[in-house]
Amino acid sequence: MTERTELVEHGQLFIGGEFTDPLGTEVIEVISPHTEQVIGRVPHASEGDVDRAVAAARRAFDEGPWPRMGLDERIAVITRIKDAFAVRHEEFARLISAQNGTPYSSSVMVQALAAMMVWDSAITVARDFPYEERRDGVLGPLLVRREPVGVVAAVVPWNVPQFTAAAKLAPALLAGCTAVLKVSPETPLDAYVLAEIAEEAGLPPGVLSILPADREVSEYLVGHRDVDKVSFTGSVAAGRRVMEVASRNLTRVTLELGGKSAAIILPDADLEAAVAGIVPFAWMINGQACVAQTRILAPNSRYDEMAEAFAAAAGALRVGDPLDPTTELGPLVARRQQQRSLDYIKLGQEEGAKILTGGNRPAAQERGWYVEPTLFGSVDNSMRIAREEIFGPVICLIPYEDEAEAVRIADDSPYGLSGSVWTADTERGIDVARRVRTGTYSVNTFSLDMLGPFGGYKNSGLGREFGPEGYGEFFEHKMIHLPAGYWEA
């Protein structure tokens, strides 16, 4: 028996580093996307709870020890958090799979160990970051400092809850900021494990709060006058709203939003390698990933061959209980996501695209929010299924005539988050990578390296996460003018 049967319940919120009773009585019920049964209950944070959390973060930043500690002291605390992730990674993986349907077979890495790697990589970046530097100014010597931005509101989605939380909290905390993490109502249970880890790691009072809540409370948080920085991951529509609300206080914003990324297969590519490399990252997290390779671009000269190969690979994916270690594609996180994918499948057929595999609810799954891994062929890039982020297991196979057209199609999108190219000539692949306007690109592979900048062009977001570029998002820059000849004195 692989499905989770025990009910996980929490009655308190983690505010200012302590578990405390909520101000309200509203409860979030966590529903299994596999069984459609309640598997957890947690308090729904209220606006009053947000006020408490932000006030604690404000005091901790303005008066507490955390921003005033030496970097090595902060690194020691964050290292304990990272090490605890390693110890409890299987617990994280199981909890997240039970909540959002990610197959456990991939959840161990994608949901748990990848988050641990984010914490670890942030430590590496923090050690080498230029916090203060000397410059020769036009009118005399300058001292340029990077100082922590202040209180951070970190808002994360349900698809990779710990990975996105780490992408915000690790750099923010290492920089000396304090933070309020707002987690999705679909996946609040793993956040309690993070809270336990943070408490045991020895974060000072007020430095971190974790609040499960809906969009309305999120909006209240990002619009709070005592928040200095918002770091948000989610949809384009929600990102626009975050930016609008934050702008009222001129709050600094980093947005990691959606994608409709293209995997370009050049005519000389090894098809077997391309299929093996693309399929896991087209249907990753059951298609619920912003970086998913949701448009596969195939040359006309080999289109039929590639269509057959990708359809066979997608059709062979094992669909079922996400906690079954043999499952390769699980249910979508909620009924609304299932219906969204089914609606797009119907739309794609109406637009003239051809279903090569999938297209329905799996007959073997009598319950759960499942959709078959679906591949559309004969897709024109002007179709809505090729332009809009579906966030489900629905992939488009798009033909092209030559390399120039492939690059044009890849760029013909309101998004620019990720992408890949597959070719026997790596140098040719690098040339394609330089030409496609997207924030992250891979040649004959797919990866997100936490020591480099991650983020998007166009509607895919503002700012960067990871690497020194992402770390720098949590600092203000200060210029100090010094007397002429000071450095020589």
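Just so you know, all these numbers are worked out from the coordinates, no wet-lab data involved. Computed from a predicted model, the values in this text were never measured in an experiment. Virtual Cβ from ideal backbone geometry, glycine too; neighbours counted across all protein chains shown.
Just how far, in whole angstrom, is the range 266-301 from the range 220-246 if you go by their alpha carbon centroids?
Each part's Cα centre sits 33 Å from the other's.
Find how much the distance from residue 47 to residue 360 grows on full extension, using 0.36 nm per residue of separation minus their present alpha carbon separation; answer in nm with one decimal.
This chain segment gains 108.6 nm when fully extended.
Cα centroid distance between the range 13-40 and the range 416-441, in Å?
After rounding, the separation between the Cα centres reads 42 Å.
Out of every Cα pair in the range 1-141, what percent are spaced more than 22 Å from each other?
Percentage above 22 Å: 62.
Once amide H atoms are built 1.01 Å from N in the peptide plane, which residues 5 or more positions from residue 264, or in another chain, come under 5 Å H to H?
Those qualifying (amide H under 5 Å, at least 5 residues apart or on another chain) are 297, 420, 421, 422.
Rounded, prolate or oblate: which one fits the chain, using the alpha carbon gyration tensor with axes a ≥ b ≥ c (rounded when a/c is under 1.5, else prolate when a/b beats b/c, else oblate)?
Here the chain falls in the oblate category.
Tell me the label-point distance for the pair residue 124, residue 478, using the 7 Å Cα-to-Cβ offset, in nm and rounded to one decimal.
The modelled label-to-label distance comes out at 3.1 nm.
Only four residue types carry charge here, +1 at the Cβ of Lys and Arg and -1 at the Cβ of Asp and Glu. Report the dipole size of the chain about the Cα centre in Debye, rounded to the nearest 20.
Roughly 920 debye for the chain.
Compute the helix-to-body angle for 426-435: its Cα long axis versus the longest principal axis of the chain, expressed 0 to 90° and rounded to tens.
70
Treat the count of other C-beta atoms within 10 Å as a stand-in for reagent exposure and order 106, 218 from fewest to most.
Taking fewest neighbouring Cβ atoms as first place, the list is 106, 218.
What does the charge count near residue 217 come to, summing +1 for each Lys or Arg and -1 for each Asp or Glu among other residues with Cβ under 9 Å from its Cβ?
-3
Would you compute, for the Cα atoms of the range 310-402, the largest minus smallest coordinate along each principal axis and list the three values in descending order, in whole Å?
For the range 310-402, the Cα extents along the three principal axes come out at 42, 26, 19 Å.
Using the basic label-point model (7 angstrom from Cα toward the beta carbon), what is the residue 488 to residue 20 distance in nanometres?
5.7
Going by average Cβ density within 10 Å per residue, which order do the peptides 117-128, 83-94, 157-168, 291-302 take, highest to lowest?
So the peptides 117-128, 83-94, 157-168, 291-302, ranked by packing, come out 157-168, 291-302, 117-128, 83-94.
Under a point spin-label approximation (7 Å from Cα along Cα-to-Cβ), what is the residue 343-residue 69 distance to one decimal in nm?
4.6
Loop only per DSSP, at most 11 neighbouring Cβ atoms within 10 Å: give me the chymotrypsin sites (Phe, Trp or Tyr not before Pro) in the range 267-320, ordered by residue number.
none
To test your reading of the geometry: what angle, between 0 and 90 degrees and rounded to tens, separates the Cα axis of helix 303-315 from the longest principal axis of the chain?
70
With r defined as the distance between the Cβ atoms of residue 36 and residue 431 and R0 fixed at 45 Å, what FRET efficiency is calculated, to the nearest 0.05?
Using R0 = 45 Å, I get an efficiency of 0.40.
By how many degrees, between 0 and 90 and to the nearest 10, does the Cα long axis of helix 47-62 differ from the longest principal axis of the chain?
Once rounded, one gets 50 degrees.
With each run of n ≥ 4 DSSP H residues scored as -39500 (n - 2.57), what mean residue ellipticity at 222 nm is computed for the chain after dividing by its residue count and rounding to the nearest 500 deg cm²/dmol?
Counting only the DSSP helices, I get -11500 deg cm²/dmol.
What residues of the range 466-489 lie in the reach of a label at residue 136, counting those whose backbone N is under 19 Å from a point 7 Å from the Cα along Cα→Cβ?
480-489
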